[in-house]
Structures are given as structure tokens and as C-alpha cells.
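Only one structure is covered here, and it is reproduced in the block below.
The values are calculated or read from the model by the stated rules, or taken from the named source; none is laboratory data. What you are looking at is a predicted structure, and each value in this text was computed from that prediction instead of being measured. Reconstructed Cβ throughout: ideal geometry from the backbone, glycine too, with neighbour counts over all protein chains shown. Note: accessible area is taken over every heavy atom of the protein model, side chains too, but ligands, DNA and RNA are not part of it. Shrake-Rupley method; radii C 1.70, N 1.55, O 1.52, S 1.80 Å.
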Amino acid sequence: MTRCIRRAGVLCLLLLLALLVHTARLQLFTGAELTDSSANRRTAITRYAQPRGEILVDGRPVTGSRDTGELLRYERTYTDGPLYAPVTGYASQQYGTTLLEAAEDGVLSGTDPGLAPLPLWNDLTGGRSPGGKVATTIKAAVQKAAYEGLAGRKGAVAALEPVSGRVLALVSSPSYDPGRLSGTGPAAAGAWQQLTRAADEPMLNRAIRQTYPPGSAFKVVTAAAALDAGTVTDPDAPTRSPDPYTLPGSEKQLSNEVEGCADASLRYAFQWSCNTVFAGLGVRVGLDGMVAAAERFGFNDRGLRIPSRVAPSTFATGMDEAQLALSSIGQYDTRATPLQMASVAAAVAAGGSVRPPRLVEGTTTGSGSPVWTGGPPGYRQVMNPGTASVLRQLMRDVVEDGTGTNAAIEGAEVGGKTGTAQHGVGNAGVPYAWFISWARDEEAIEPAVAVAVVVEDEEARREAISGGGTAAPIARAVMEAALGR
Amino acid sequence: MTGTTTGPTTGPPPRPVTPGPGLRGPAADGPSRRGTEFFLLLVAVLLSVSGYLTVGLTLHGTPPPDTLRYAAGLGALALLAHGAVRLTAPYADPLLLPIAVLLNGMGLVLIHRLDQETPHDQAAGSQLVWSTAGAALFILVVLLVRDHRVLRRYTFLSVAAALTLMVLPVFFPPVNGARIWIRFGGFSFQPAEFAKVLLAVFFAGHLAAGLAVLRDSGRKVWGVRLPTGRALGPVAAVWLLSVGVLVLERDLGTSLLFFGLFVVMLYVATGWTGWITVGLLLAGAGAWAVGRLEPHVHARVTDWLHPLASIEAGEGSSQLAQSLFAFASGGLFGTGLGAGHSVLIGFAAKSDFILATAGEELGWAGLAALFVLYGLLVERGFRCGLALEDPFGRLLATGLASIVALQVFVIAGGVTGLIPLTGMAMPFLAQGGSSVVTNWVIVALLIRLSDSARRQAPALAEADR
């Protein structure tokens, strides 16, 4: 019996040993299917156990955190939700994050290794740093001017500091309060339903995630291409352009809404927006030259992040001459985000070379020590300095005595370009009104702001909507704010 | 003993007690080790109290307001039990009581910790009451049962009581799919918990009485001695009983435990390895059949094979999945008491799944410590079975130690996904009055058995072969 008791004892202890080995495997060599399972709420609990870091505008937070006392403890709040929604995006416990909230999530949620006092500190302690701060390049006054300028009409404004690429304003209208989506309750679910189904798409970030046909505003790019390629050497010389212009290889004729475009000079054609002249110039520059110029301005860039992802603006690369002619006046498949068109104005204002646009000035830890500072990324040569200086003059003419006189500001050098883009089947849609411009205080060396405004308002009468009439006053307000007036 | 007395008897033990330096005589060898026990008890109480403090400090930043009450309660409980042992079982194994107190104390800490997450469902208070009742019963058993051989007289009474207890829940409404509860008034208990001790007593008595028959009768076929029908009868009966429990009460765990207990004791009594094979085959067949036929049991098996399947199917996570998440997040040292989220397991987090909280907050290191404590308890039980010389005592010690080992394996294996999950209480740790009281009785019996074992002269310890 003794031997049997011993064996039974060994068997029982083997069972306990099996438990030891099994739990060691389970706890020390855990598979990702357990830690990363969607049903394992520990990740979410840890994430929301501390207040989320703040997003700053002019050094002041435009975000906050609310202690709910629930399992997912802290919820995101926004001080001016609709105003800054295209900048911040939302940070929802249920629907994830977007825009800056997504792009800078590591810093804001405290997982960024740069927040830790020592390398690998959080890995060793199993802890999480307090949320860091993200300082944006947005200027509150410029942002507000743009938001109030749109006044709820469908559209968007993007404003840049031309030389540095700092984004001064990103406004999309109509907007929404991202704070409504923060929590997990039925209120957030209801808000999500309502916002995602709303006909006017308030959650669409029209400033960087929506592309529009740029229409005549694109003529800046075509003019730059023509000047750079030597197709036009003297802006005041006749351009040998017929009016109306017959699209190559077709019967279709292109006409103008203004007089005097036949054989007009580049200056006149730019000032009064002659479609016939620019269609012809585009064709004469050729497909390769036009594509190269557009891409130097930033078109067809599929990887742009500011650090929020920006929808690529497009200029088609395979076209016949008729399509190229239309593309050169910002129609056909040419599409651009408002941010892209602001970059076009900025490139002219800054003398032909730009830095990529950026929205983040720098990030710091919760207590303020720097984590990352937005260093100057490399310049990109967009056009020859000479071309830029001719274009500056052309754009000034538009504001001084052309289609964009509504944008003039006393005491400042202002250049602009209007655009009224046809769209829809048979161009039946209410046209989009564009205005792109830049402004320099007469006292200052460098231009203060480049801005792009687009208004798509289906309520407006067709003839009333135009770049100069609808969009230019908004651009002026934005530029005045940037100039500090 | 001859063939004239074959079944269990209620008369005096058929084997006379060995004369000489007898069980009741003064100890001839070694110190009593009560001092060691006292010191270890002190350590056990201090460890538990520091766990209690940690919970309060982590969750609320202050020590729990009733820390003193908890410390005093656990200390008094340990002290009284120690007094009873010192008085009537001075040569008992000094490890048994401290292990019981430490496990019970840690159980209270874990339940108190989970209480902090469920403000409307406080369990630590009543668990402390049950622990006190358990300790009282411990003292009662140690005081009243001065010689374990007395229990042989109650072999029949034990099995009758055990059967009654196990059949009773069939007449009560099922709770969460299993008919294992009896409820009256505000109280509820699981009779199967008590039944297992009674069954161990019955098996020990029955097998000790029929030892010769089991060993020596029966025909030999191909050199293997087959048991006779008379010996096989009770085996079949117990097998039917455990399957009956399984089918009627949908309690796979208890069924496994009973059957495993019986197989181990039968093997120890007869020395025939074949019993293990037969037992495993029968248990396997029974479990397979019921697993196929009973949807409740079948679901448990499916869940064990694919614990994350319900998540992938978009039906939310099973308790087992949540339990695995808890263990996985524990790592080596755990999150620390009070810093985990095992409450996400939901229902039964404080009872069947209590080990998940230990796994998450104390880590693998803490789990290993717990398993070593259980291992020591089991090992001490078997050691006492080896040291005793009367077959009844040897079988009883073996049976009680096996109960602890099997129960730990079945429930710990279940919540960690090693074997299909069956509802059972982790001895001493889990919330549940019947369980904690029963475990105190098991430890009381082991104390009594170990006292007897160490009183015997070393020369006689190996006499019975």
C-alpha cells in the first residue's frame, strides 16, 4: 500500500505541476490573440484611465478631459468644438480618432516613448506617461475670421504662412462638435448616427479631405508652367490665342465670359481670366511640362501628411490635347483640396519655393519639456524666382483692377486669383466659387499669409456665385486677421 | 481478517490496534512543533493583513477602515484553532493549519478586493462569517474526534448522508444551468461540498474492511487477476452515481472529483494498476457520452476548445475568454493587488473565477506561490497517509489529500483553459460558505490523522504493508 500511496501522491503533485507549467505558458508567453483581442477591454481601460493630453492653439488648450467616474474614465471635451473640428478631429471611446487626435495619438495618450523620463522606462515599469501636449500652428484670430466668413455656408478655408508652411487656419463648414462623439453611451451613438447620415456631411473635412475642380484658380499653375517652360517670355506680349478656342481634335469650342481675350497678353488673360488663352498655353506647354509643373506645386502627392492625412490633389497624367486644354483651366480631372490651392498661392508669395504645409509647431510632455519640435523640412523649388515675381505682379493686378478687387486691403500688398468651377453632369451644378490669394504688410519683408477659399452653396443663385463676389470677401477677412488688422 | 466479514462493518475495527507505544501514549520521538506552527500562523496572518492593506492603499489611497477588524478576526480564528490543536493534537503536522489560514486569508483579501468593484454585492463579510464557522467546525472536529478510527463506525451513515445530500438539489430550481444548490431562507449551499468528505470516509471504511477480498479473490485471466462481482459492485455503483450527478445536476466538476477520488482510493487499497485504466476508460466514456448529449456540458467543451470563437463570431466574449485575458495581463509579477480588471469576468468572478484575480494582480509568481501552498497541503496529507499504520487512516488521509489536489486541478485547470471549465470552488480562496467550511473540516481531519501518525513509534510506521 505504501508504494501505491506514494504513486498516488506523485500523480497528485504532477497535476499541480501541470497547472504551474500551463499558467507559466499562459502568463509569461502570452499570445497576441489574448492581449490584442477586441473583447479584452484592458487596453481601453488603461488608455482612458488618465486625462488625454491637450491640443493647443496660440498656447491655449482647445481641448479638455472630463472625469466620468466610469470604467473608461476620461472623456474628451472641446472648448470650441465646431470651430476647431477640422484641426483636432475627434477622439471617441467608441469610434476611434481622426486628424490630429489620430496623428498625434501617441503623445496625447501618453504612449509615445519620447514622453518617458528614460528610454524603455514605460516598458520596464508597465506604466504610462501622462498625456503630452500638441501645439498647433493655428492662429485663433485667423481661424475665427475664416469660420465667421463662411458663416455656415458649405465650403472651406485653408490659410498658410507662405515661407514657413505653417497652417494658420483650417476651416470646414458646416462643422460639428467632436465632443458629442467622445463617450460610449447612447448619446454618442445617436450623435454618430445623425452626423454620419446628415446630408450636408458636417464631419467631412473640406479643407484637406475634399477635392474640388479648382477652375480658373488653377491658371496660376498653368501660367507658371508657361513662364518656366519659356512658352511665354514676355507677359505683356500677345499670346497668339484665338477666341473662341477649338479644342484640338474635336469640334468643341471654348469661349470666355469676358471681352478682349483674342490674342490677349498673359497679363490681360490672367487679370480677366481668359479660358481660351490658358487652354491654349497648356497645350503648347505640353502634357509632360504641365504634369511636371503641377506636381512641383504638390499635385499627385499621395503621401502628404501635416501630420493629418491630406487627400491627394490630382492632375491627370494621361490625356489627349483636348483634355489637357480643359485640365489647364482647372476642369476635366483636375481636382484640388483648399489646402493645395493655398499652397499654390503661397509658392507665388514666397518667391517660388515652399516648405510642405505643417499643422504642428511641436509637442511637449504634460509638464512642458519638449518632445519634438517641428524642424524646418526642406524647401521645394516650385518655379523659377523670376517666374514667381512675374506671377506676383499678375496676381496683384487681379486685386488692383481685375476680377478680385473685393480682396484689396489698404496698406498691404495683396495678390489673388478667382475661380468659378463648373461641375456636375453637363456642368449643371451650382459652380464652386474659388479665391486664392496672399498678402504682405507694406512694412514687412515677407508675406504674412496665403489663403484659399472655396464656397459651394447650393442655396445661392448661379450668377451670384463667383470667386470674386462670394469667396474674395472671406479671403480678405482672413488675410486681415493674419495681418493683425 | 478472513472471508467471513466482507462488507464494511459498524462494529469495532476488525484489525486490532497495534499494542505497544500506542496512539494515545506519550510521544516517544521528536518535539511537538507547536512553536513552529504558531510562528507560521503569525506569518500567515501578517501576509493576509498586508494584502488587505495593499488593496485599500491601491484603490483608495488609505488603509481599509476595517483593517483592524479583519486582522483581529483572522488572528483570533488562527489563535483559537491553534489552541485546539495544542490541546488535543499536539503532535500534528505544523504546516497544515498555517497553510489553511494563509489560503483563507488570501481568499478574503481577493474577495474584499473584488467587492470594491461591485458596491451592490458585498461578499467579504459573509465569507468571513463562513470562515469563522469553518474554523469553529475545525475546532469542534479536532476536539470531538480524538481518534480517527472512530469514524469507521459511521461508514454506512456517511454514505447515506452523502447520497441524500447529493440527491437533494435535484428538487431545487437550477441556478445558471446547474442543479447543485439548496436554498432556504437567505442561505444557500452546495451539498456536494459536504458529500465529498463523507464519501472519502465511506470509501476509506469500505475499502479498508474489504481489503483482502479486493486483493486476493477473483479469477486470473492471462495472468491478470479480475475483481469479483462483489468487489466490482460498489465500483459500478459509484460510477453510476457520478454519472447520475452529472446528468441530473449538470455538474461535471463534482462528477470528475468523485470518480477520481474513488479511482485513486481503489488503486491505493488494491494496488492494482488496472483500476486506473478502467477508471479512466469509464470516466472518459461517461464524460464523452454526456458531453454529446447534454447541451450545457457540450457548450463548455466547445468553449474550452475555442475560447475566442464567440468574439470572432461577434457574440461577445465568454467568461473563459475574459478569464484568460485576466491571466494574460498578469505577467510575471502581476499588476499588484487592486490594480487589475478581473472584475470584467462578471458573474462568478469571486467564486469559480477567483484564481483569475490572483493571476492578474499577483502574476505568475503569486499563482506559483498558491500552487506550492496547495502542493504542500497535499504532500503533507500523503505523508501522513504513509506514516499511519491502520489501513482506514491511510486510505482516509490519501483520500482527503486527493480531494484537495483534484479539486484544485479541476477548477484551476478549468479557468486557465487547461481542461474544460466546470464550476467548482478553489479550496479556501473562492467565495462560498459550503466550500470553505468543508475545507476546514478536511484540514481538521488531516490534523487529527497527522497527530496520530507522529505519535506512533517510527518502527511501526511501515508495519502495514
Please work out which residue is farthest from the other protein chains (Cβ to nearest Cβ), limiting yourself to region A:39-54 and to residues that are in contact with a helix residue (DSSP H, G or I) (Cβ under 9 Å, 6 or more places away or on another chain), within 17 Å of A:ASP112 (Cβ to Cβ) and part of a helix (DSSP H, G or I). A:ARG47
With respect to A:LEU170, determine if the residue is in contact (Cβ under 8 Å) with a residue 60 or more places away in the chain and out of contact with any Cys (no Cβ under 8 Å at 6 or more places or on another chain). yes
Being among the aliphatic types (A, V, I, L, M), modelled with pLDDT of 85 or more and open to solvent by 40 Å² or more (accessible area, probe 1.4 Å) is the filter here, so list the residues in region A:31-70 that pass it. A:ALA49
Identify all residues within region A:160-182 that are within 11 Å of A:ILE138 (Cα to Cα) and assigned to a strand (DSSP E or B); write none if there are none. A:LEU160, A:ARG166, A:VAL167, A:LEU168, A:ALA169, A:LEU170, A:VAL171
Filter result (polar (S, T, N, Q), assigned to a helix (DSSP H, G or I) and within 9 Å of another protein chain (Cβ to nearest Cβ)) within region B:300-322: B:SER310, B:GLN322
Extreme residue, nearest to B:PHE409 (Cα to Cα), among residues of region A:21-38 that are assigned to a loop (DSSP other than H, G, I, E, B) and facing chain B (nearest Cβ under 7 Å): A:THR30
From the list B:LEU418, B:LEU395, B:LEU386, exactly one residue is surrounded by fewer than 24 Cβ atoms within 10 Å (Cβ to Cβ), within 10 Å of chain A (Cβ to nearest Cβ) and in a helix (DSSP H, G or I). Which is it? B:LEU386
Please list, ordered by first then second residue, the pairs with beta carbon atoms under 8 Å, 6 or more apart or interchain, first in region B:38-65 and under 30 Å from B:PRO90 (Cβ atoms) and at pLDDT 90 or above, second assigned to a helix (DSSP H, G or I) and open to solvent by 60 Å² or more (accessible area, probe 1.4 Å). B:LEU41/B:LEU79
All but one of (1) open to solvent by 60 Å² or more (accessible area, probe 1.4 Å); (2) in a helix (DSSP H, G or I); (3) more than 30 Å from B:TRP364 (Cβ to Cβ) hold for B:TRP275; state the number of the condition that does not hold. (1)
What tally of residues in region A:242-262 results from selecting those that are within 25 Å of A:VAL399 (Cβ to Cβ) and touching a residue at least 24 places away in the same chain (Cβ under 8 Å)? 1
Across region A:355-398, which residue is nearest to A:GLY230 (Cα to Cα) among those that are among the hydrophobic types (A, V, I, L, M, F, W, C) and open to solvent by 10 Å² or more (accessible area, probe 1.4 Å)? A:VAL390
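It is to be established whether one or more residues within region A:372-393 are modelled with pLDDT under 90 and closer than 26 Å to A:LYS154 by Cβ.
Checked region A:372-393: no residue is modelled with pLDDT under 90 and closer than 26 Å to A:LYS154 by Cβ.
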Just checking, does region A:126-143 include any residue being in contact with a strand residue (DSSP E or B) (Cβ under 9 Å, 6 or more places away or on another chain), open to solvent by 60 Å² or more (accessible area, probe 1.4 Å) and of a type in the set (D, E, K, R)? yes
Among the residues of region B:323-344, which ones are hydrophobic (A, V, I, L, M, F, W, C), at the interface with chain A (Cβ under 7 Å from one of its Cβ atoms) and assigned to a helix (DSSP H, G or I)? B:LEU324, B:PHE325, B:PHE327, B:ALA328, B:LEU344
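Give the residue that is nearest to B:GLY205 (Cα to Cα), with candidates limited to residues of region B:350-383 that are among the acidic types (Asp, Glu) and surrounded by 24 or more Cβ atoms within 10 Å (Cβ to Cβ). Lay out the reasoning, then the answer.
Quick first cut of region B:350-383, residues among the acidic types (Asp, Glu) only: B:352, B:360-361, B:379.
Within this subset, residues satisfying the condition of being surrounded by 24 or more Cβ atoms within 10 Å (Cβ to Cβ) are B:352, B:360-361.
On the way: B:ASP352: 31, B:GLU360: 42, B:GLU361: 43 Å.
Across region B:350-383, the extreme among qualifying residues is B:ASP352.
Return the only residue of A:VAL291, A:VAL277, A:VAL258, A:VAL283 being in contact with a Cys (Cβ under 8 Å, 6 or more places away or on another chain), in a helix (DSSP H, G or I) and of a type in the set (Val, Ile, Thr).
A:VAL277
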Taking region B:118-145 and the residues there that are of a type in the set (A, V, I, L, M), at pLDDT 90 or above and open to solvent by less than 20 Å² (accessible area, probe 1.4 Å), the one that is farthest from B:ALA444 (Cα to Cα) would be B:ALA135
Considering region B:100-117 alone, what residues qualify as being open to solvent by 10 Å² or more (accessible area, probe 1.4 Å) and either in a helix (DSSP H, G or I) or at pLDDT 95 or above (or both)? B:LEU102, B:MET106, B:HIS112
Quick one: in region A:225-249, of everything that is of a type in the set (Val, Ile, Thr) and over 35 Å from the mean Cα position of the chain (by Cα), which residue is farthest from A:GLN323 (Cα to Cα)? A:THR239
